[in-house]
Amino acid sequence: MKLRNDSQRFGAIALLFHWLVALAVIGLFALGFYMVDLGYYDPWYRKGPDLHRSVGVLLFIVMTLRLGWRFISPPPAPLASHKPLEKISAHLTHWALYILLFVAMVSGYLISSADGSSVAVFNWFSVPSVSGHQTGLEDTAGLIHYWATWAVIGLASMHALAAIKHHLLDRDDTLRRILGLAPRTNPSPSTGTHNYS
């Protein structure tokens, strides 16, 4: 498998970014959902948020690299069989996911640094506060973070369902390509893949 994308297939780096981000987002959402009801004496009361913050900062770095890679190695064009509305909705969904993920990550960082403290990442390094102590910032950022994360999960679910629909009903190579599998048929040079990176 090539490292870079080409006109027909996703490269190894794009596939790695896609699935790494997908796993991190699912894990962060599940952990965040779990943390809400933790009691003060629960061992995960402090461990959970520390892990959530650390993975969140690393995800921000990965997403920045992924966005840069998207410009260096553009994703394949949509399949010629896809309808114009499908192409437009896929394009808008992808960029909405990018924007919402960055909103979720930045707001999460602001929640943790609103008191002026830095955010420790697995004791490897710390990200200093850029806001200093700001009264009310934690609550505002928390509200934004809450809705942004739910929006990410909602759009990501639609994204996954669309890929399954293309695989089972349309029987095209959309899902196979993002799984790194060979196409079912040999496409013509003018045929691309659905932009599901």
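Search segment 113-139 for residues being in contact (Cβ under 8 Å) with a residue 24 or more places away in the chain and surrounded by 14 or more Cβ atoms within 10 Å (Cβ to Cβ), and hand back the single one that is farthest from Met35 (Cα to Cα). Among residues in segment 113-139 that are in contact (Cβ under 8 Å) with a residue 24 or more places away in the chain and surrounded by 14 or more Cβ atoms within 10 Å (Cβ to Cβ), the one farthest from Met35 (Cα to Cα) is Val127. A single member of Leu85, Leu101, Leu110 is without any contact (Cβ under 8 Å) to a residue 24 or more places away in the chain, part of a helix (DSSP H, G or I) and either over 25 Å from Gly11 (Cα atoms) or not basic (Lys, Arg) (or both), and it is Leu85. The residue list Leu100, Leu65, Leu59, Leu79 contains one member that is at pLDDT 95 or above and open to solvent by less than 20 Å² (accessible area, probe 1.4 Å), which is Leu59.
The values are calculated or read from the model by the stated rules, or taken from the named source; none is laboratory data. All values derive from a computational prediction rather than experimental measurement. So basically every Cβ, Gly included, is an ideal-geometry build from the backbone, and we count neighbours across all protein chains shown. Surface areas here come from the heavy atoms of the whole protein model, side chains and all, with no ligands, DNA or RNA. Shrake-Rupley method; radii C 1.70, N 1.55, O 1.52, S 1.80 Å.
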